[in-house]
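What follows is calculated from the coordinates using simple rules that are stated; it is not laboratory data. Quantities reported herein were computed from a predicted structural model and do not represent experimental measurements. Heads up, the Cβs are rebuilt from the backbone with ideal geometry, glycines too, and the neighbour counts pull from every protein chain shown.
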Amino acid sequence: METKRKRLILILISLIATTVIMRTILYFYPDTDLIIGGFEMHHLFVGIIILALSAPPLITLGDCCKWMDIAALSFGAGMGLVLDELVLLIVTDGSNAAYYLPGSYIGAIVSIVLFSIYILFLMRKAESNNAQNLKNFVRYGKLSNLPYNKKRNEQQYSDGQQERSD
């Protein structure tokens, strides 16, 4: 499985699993609060911290190591925490009782579904980029979508030349 697609799948799985786990915990233990230094930490804030820690390695390190899979799982978990509570804090008073309101459930479901559609779109886009790279490799013998080849290939093949002359 291609690395980008795999990481997007890991983000999606982690996002959904985290949301289901949080909703299950809050269903059975609705008055569970995380208190740090006398302040109540909504899981939105915990999610933002996880996103802040996991996003930079995903953006900058690429395919360096297996730890990137853990960063992808962490990113999905952080996003799940954020999206689960985001609408709740916007449309309700943010109390523990508000988790049982329809707006809380509907908001969480809609935001998770929209983000999942976005992830699926990115997976589709990654696949089409790979198909274009393969087509260019077969046609020109190079991966012309790579930044260092793209400009040279555009100049070389802009005059209508279809095949390499070797």
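Values computed for the structure shown
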| read-out | value |
| --- | --- |
| 3J(HN,Hα) from dihedral phi, the range 31-36, Karplus parametrisation 6.51/-1.76/1.60, rounded to Hz, x for glycine, proline | 9, 7, 10, 9, 10, 10 |
| Cut-off 9 Å between beta-carbons: net charge of the residues surrounding GLY47, Lys and Arg +1, Asp and Glu -1 | -2 |
| Peptide ranges 33-43, 75-85 listed from the most packed, as the mean C-beta count within 10 angstrom indicates | 75-85, 33-43 |
| Net lengthening on full extension, ASP69/ILE25 (0.36 nm per residue, minus Cα-Cα) | 13.3 nm |
| Rounded to whole Å, sorted largest first: equivalent-ellipsoid semi-axes of the range 3-129, Cα gyration tensor | 28, 17, 11 |
| Computed label-point distance, nm, for sites ARG124 and ASP33 using a 7 Å Cα→Cβ extension | 4.4 |
| Extended-chain gain in nm, criterion 0.36 nm per residue less alpha-carbon gap, THR92 and ILE117 | 6.5 nm |
| Local net charge near ASP33, Cβ-Cβ under 13 Å (Lys/Arg +1, Asp/Glu -1) | -3 |
| Computed E for ILE48/TYR100 - FRET, C-beta separation, R0 25 angstrom, nearest 0.05 | 0.55 |
